[in-house]
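Report on the following structure.
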Amino acid sequence: MSLASTCHQPIDPAEIPRYLDQGYRIMDPHLHTAKSPDVVPAPHVQPRALFDRMIAGGWSFVTFTDHDLMDAYAELPAEDPRLIRGVEIRIRPRRVGTHTRTHTLHVNVYRLNEGQFVELASIAARGDLDAFLDYARAACLPHSLNHPFWHEISEVLNRDVVVSLLRERYFEVIEYNWKRLPEQNAEMLALARLADIPVWGGSDSHQGRPEFATLVRGESFDEAWENVRAGQAVIVQQRLKAGSRHLIAKDRTTVPT
Ligand SMILES: [Zn+2]
Ligand SMILES: [Zn+2]
């Protein structure tokens, strides 16, 4: 049986072991810890506890993408190559192309140091999306547009802005987000397919529950990211079926939990 050849075809979680056996790595690129203000600060969502649990569970790379802050990394082992610094930055663009009626976007950025985070946060606060993306590209910082159809409750979604963002390829990679409605993900996949933009998947868990999200080849995160950009990532279907986790737990010694 061949493996899915495109990131645009989510696979069933039961297929994960087959991918791992063929050299794929597994990661959840979108996770929040107790540092995010909208996370209940229970012990199991503290950064170190969550990191240790994920490493013990066999996740290949671990990143935490708290909202507009990177405080978690002060408590994490910077020298561990499986730890990938990340953050979810919010930006409400003053304009997107010719559109000035915009809504807030969430962008995940990875491998950034403290200085780069401060710079990006300050550009984001000005709502200058072009400068934000120029900075991230110039600094070779992996980044993706999260859940394109999300908006703040106080805002109105401007669908034309989302279409422009994808059609005009503002972002190299778009996120399939498990917290969104299946219909929103389906629409995002259709648009991404039309624009030929690679997709990867993240759980966006605020409860310390990383899920099977993205499978991709790569010895390091940098290699894996290049494969994501090349459209080689495989996203796992939106909902784990009852029992899948146990099936995998039975068959493997390293089990993402
Ligand atoms: Zn978000
Ligand atoms: Zn998030």
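Laid out as a table, the results:
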read-out: Residue match in region 162-177 (condition: more than 29 Å from V62 (Cβ to Cβ) and within 16 Å of ligand 1 (Cβ to nearest atom)); value: yes
read-out: In region 10-68, residue farthest from H143 (Cα to Cα) [restricted to those that are more than 16 Å from ligand 2 (Cβ to nearest atom) and among the polar types (S, T, N, Q)]; value: Q22
read-out: Test: residue in region 201-214 that is within 16 Å of ligand 2 (Cβ to nearest atom) and farther than 28 Å from L50 by Cα; value: no
read-out: Residues (within 16 Å of ligand 2 (Cβ to nearest atom) and either hydroxyl-bearing (S, T, Y) or surrounded by 22 or more Cβ atoms within 10 Å (Cβ to Cβ) (or both)) located in region 89-102; value: I89, I91
read-out: Residues (away from ligand 1 (no atom under 16 Å from the Cβ) and within 12 Å of the chain's Cα centre (by Cα)) located in region 103-112; value: none
read-out: Contacts under 7 angstrom Cβ, first residue in region 10-29 being within 13 Å of V216 (Cα to Cα), partner of a type in the set (D, E, K, R) and modelled with pLDDT of 90 or more, 6 or more apart; value: G23/R217; Y24/R217; R25/R217
read-out: Enumeration of residues in region 69-88 that are more than 16 Å from ligand 2 (Cβ to nearest atom) and surrounded by fewer than 17 Cβ atoms within 10 Å (Cβ to Cβ); value: A74, E75, P77, A78, E79, D80, P81
read-out: Conditions (1) surrounded by 14 or more Cβ atoms within 10 Å (Cβ to Cβ); (2) modelled with pLDDT under 70: number failed by R239; value: (1)
read-out: Single residue of region 138-161 satisfying the filter (in contact with a helix residue (DSSP H, G or I) (Cβ under 6 Å, 6 or more places away or on another chain) and within 16 Å of ligand 1 (Cβ to nearest atom)) that is nearest to Y110 (Cα to Cα); value: H143
read-out: Residues of region 163-221 classified as assigned to a helix (DSSP H, G or I) and touching a residue at least 12 places away in the same chain (Cβ under 8 Å), total; value: 17
read-out: Residues of region 103-113 classified as farther than 13 Å from A139 by Cβ and surrounded by fewer than 20 Cβ atoms within 10 Å (Cβ to Cβ), total; value: 2
read-out: Scan of region 178-206 for residues that are within 12 Å of the chain's Cα centre (by Cα), modelled with pLDDT of 90 or more, within 13 Å of ligand 1 (Cβ to nearest atom) and not acidic (D, E), ordered by number; value: G202, S203, S205
read-out: Condition broken by E119, with the remaining ones in (1) more than 26 Å from A230 (Cα to Cα); (2) more than 16 Å from ligand 1 (Cβ to nearest atom); (3) part of a loop (DSSP other than H, G, I, E, B) satisfied; value: (3)
read-out: Residues being under 20 Å from V62 (Cβ atoms) and of a type in the set (A, V, I, L, M) - total across region 108-154; value: 3
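The values are calculated or read from the model by the stated rules, or taken from the named source; none is laboratory data. Just so it is clear, the structure is predicted and the values come from calculations on it, not from any experiment. As a convention, Cβ positions derive from the backbone with ideal geometry for all residues, glycine included, and neighbour counts pool all protein chains shown.
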